[in-house]
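For reference, the structure is listed below as structure tokens.
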Amino acid sequence: MNLTVTFKQAVRTALLKQRDNFAGSDAEFSKTIAINNAVFSRVKNGELDRMLSDTEWIRLGRELSVKLHEDNWKVARTSVYTEIEDNLNFCKELSRSMVLVDDCGIGKTFCTKHIIRQMKSTFYVDCSQAKSKQLFIRLLAKTIGLDNKGKYHDVLENLKYYITTMATSKPLIILDEAGDLEYTAFLELKGIWNATDGICGWYMMGADGLRDKIDKGIKNKKVGFAEIFSRFSDEFIKLVPQGKTDRTTFYKQLIGDVAGAQIQDKAVVNTYVNKCINKETTLRYLETLIKVSA
């Protein structure tokens, strides 16, 4: 493996951008990216050669979404983007919690990741990568800057305590693909929420699977689900309208806004919109159509 200096520089740039949004110390930030603080300090100062193994550079590039090729896909300020931005700001500033459950492929994750680039002390966790209780707690601890090694109970208690020390920076934790969490992980989430009530904002995202899991848990009186739902405002936030006509109008606008941001020839935007609407597909299909036609 022979990584280019250009790639390492791109990873370094992404690291520094993420560091700017992290309210803790360099030592704490180093824990979130799982490298030695002294090494991070030297990379921060521009030293790249022999600082990290190629495997570590690749890992950091993957975790920071550094692209090996230029991606000209532009961010469109759609209604989904605006609504999620409002939700995140509300949860962060007032230390409140919300659950967004909506259709796949409307840009929830894409918009969220772009929005939080400018939000300090805001932490994104992809729950599909850490479904069990152990993996979830250790990933969350690592994400906010804690040592996630050692006894599970110690990591959990340190996690709760550390979040409370961040009160002045108004921390916000985003749990994407939350429907993938196992039952015991949900129970731990309730405990963390209780320990950080009024200090930390939470934003849970998912599709129908998350709604079904919570609804089924409440209906079957399974311990924890009613309490979790109550703590997350007792309602599911949904952006896509229910009625067929309103849904079609919503998707035409959404797909049109995104397509319009990518295509210079506005005359062909409706062609892409109609193709997506006729196939009842989403923004992922639109992206494929545009990139194949480029």
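The values are calculated or read from the model by the stated rules, or taken from the named source; none is laboratory data. These figures come from a predicted structure and were not determined experimentally. Every residue, glycine as well, gets a Cβ built from its backbone with ideal geometry; the counts of neighbours run over all protein chains shown. Protein only, heavy atoms only, side chains kept; ligands, DNA and RNA dropped before computing areas. Shrake-Rupley method; radii C 1.70, N 1.55, O 1.52, S 1.80 Å.
Some points to look at:
- Helical content of the chain, expressed as a calculated mean residue ellipticity at 222 nm, amounts to -17000 deg cm²/dmol (DSSP H runs of 4 or more residues, -39,500 (n - 2.57) each, divided by residue number, nearest 500).
- Exceeding the 27 Å Cα-Cα cut-off - candidates 142/238; 120/142; 190/238: 142/238
- Estimated dipole of the chain in Debye, rounded to 20 [Cβ of Lys and Arg +1, of Asp and Glu -1, Cα centre]: 200
- Heavy-atom accessible surface of the range 125-187: percent carbon and sulfur, 1.4 Å: 52
- Length added when fully stretched, residue 64-residue 270, from 0.36 nm per residue minus Cα-Cα: 70.7 nm
- Annotated for the range 7-86: lysine pairs at least 8 residues apart or interchain, Cα distance under 17 Å, count 7.
- Candidates 56, 28, 83, ranked by Gaussian network fluctuation over the chain, Cα under 10 Å, top entry: 56
- The aspartates and glutamates whose alpha-carbon is closer than 17 Å to the alpha-carbon of residue 275, local same-chain residues fewer than 8 away aside, are 257, 265, 287.
- Rg and Dmax over the alpha-carbon atoms of the range 13-109 stand at 17.2, 46 Å.
- In order through the range 134-140: 3J(HN,Hα) via Karplus (6.51 cos²θ - 1.76 cosθ + 1.60), integer Hz, x for Gly, Pro: 4, 5, 4, 5, 5, 5, 4
- Correct option for Kirkwood radius over Cα pairs in Å [calculated from the coordinates] among [x] 19.6; [y] 20.8; [z] 22.0: [y]
- All aspartates and glutamates inside 14 Å of residue 131 as judged from Cα atoms, apart from same-chain residues fewer than 8 positions distant: 176, 177, 180, 182, 188
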